[in-house]
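Take a look at the structure below.
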Amino acid sequence: MEVLKVENLSKNYGQIKALKEVNFSVPAGTVFGILGPNGSGKTTLLGIIMDVLKASGGSYRLFGQEPTHEHRKQIGTLLETPNFYHYMTAVQNLKVSAAIKERGEDDIDRVLEIVNLAARKNSRFSTYSLGMKQRLAIGAALLGNPDVLVFDEPTNGLDPVGIAEIRELIKKLSQQGKTIIMASHLLDEVEKVCTHVAILKQGNLLTYGDVNEILVNEDVVEIRSSEMSRMEDVMKRIPGHTSIKLSEGNLHLLFPAGTADLASVNRFCFDNGITLSHLQLKKKSLESKFFELTN
Ligand code: ATP
């Protein structure tokens, strides 16, 4: 089942095209990352889905249907830092959130347990660390036990411990069967917590799908010889490679991360009558792949 399907979604702010005919869908049970640098349109996209912004064009469906208020009530959101009251305790603040979200107060203890704040539930919000504040915000999103959660940059501004806690929490929620849609500008974060990713750049969707397919790590073996075209034909038969391409006068053989072996590449060439004038292993990091996609 698809939780969300976005079709040709566009958003203009005057001359600025924040989203340009974006298409993708989010399967149920995934942790779906919307990855892109600042200003790529992530917040705009989430805002449209949650009906705080109007699209300029295109449409989207929730749970396979035309979106309604009832559908959105099944989605817990963390779009911006919520306005908790500093002088109130966690419990008091969640009572306010429950009233605003038209959700029952009876869920508060369960939610505080999940976000690991039960022991501090009667402390004032002003005494909380940033990480605890963010966990309380996620707690507010969990009120009413929605199946789908939408988080905009859930670890922004936190220290490494706070970041790790939120990531663990997201994984835990995923294991409980929740679908989580989260915006992030951090490749590393998406790689660590997401099962799926959509990459946005200046309002364009560059690619989307399974994280393991899109953010795959690769070894690149760079080779050169005096007979490039014959070599290219020969190398198409080398075992274990995933693809071959010409790059600035060199041939690049791609292998899954950690599997490239220079000696066997050299031997394969030699056995096929090709003498290499250049042979080098280059690691292609996820960073460089992301950089390549977004630059
Ligand atoms: P960030 O992580 O910095 O929030 P983002 O990927 O979420 O970035 P958006 O906030 O959706 O990106 O912004 C996309 C583009 O739309 C940017 O160029 C931004 O300046 C512009 N934009 C966003 N909101 C408005 C607005 N209310 N009025 C005019 N332009 C806007």
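Where a number appears in this text, it was derived from the coordinates with a stated rule and is not lab data. Not measured: the values here are computed from a predicted model. Cβ coordinates were reconstructed from backbone atoms using ideal geometry, including for glycine residues, and neighbour counts include every protein chain displayed.
Table for the structure above
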{"quantity": "Ordering of 17-28, 180-191 by burial proxy (mean other Cβ atoms within 10 Å per residue, highest first)", "calculated": "180-191, 17-28"}
{"quantity": "Neighbourhood charge, 12 Å Cβ-Cβ cut-off, centred on Lys11 and excluding it, Lys, Arg +1 and Asp, Glu -1", "calculated": "+3"}
{"quantity": "Within-10-Å neighbourhood charge of Leu136 [Cβ basis; K, R +1; D, E -1]", "calculated": "+4"}
{"quantity": "Estimated FRET transfer efficiency when R0 is 25 angstrom, pair Asp109-Asn83 (beta carbons, to 0.05)", "calculated": "0.65"}
{"quantity": "Value of relative contact order over the chain, rounded to a whole percent, pairs C-alpha under 8 Å and six or more apart", "calculated": "20"}
{"quantity": "Extension reserve of the Gln280-Ser129 stretch, reckoned as 0.36 nm per residue once the Cα distance is removed", "calculated": "49.5 nm"}
{"quantity": "Cα→Cβ-extended label distance, 7 Å offset, between Gln65 and Asn156, nm", "calculated": "3.2"}
{"quantity": "Under 14 Å, Cβ to Cβ, from Ser40 - net charge with Lys/Arg +1 and Asp/Glu -1", "calculated": "+3"}
{"quantity": "Computed [θ] at 222 nm, deg cm²/dmol, the chain (DSSP H ≥ 4; -39,500 (n - 2.57); rounded to nearest 500)", "calculated": "-9500 deg cm²/dmol"}
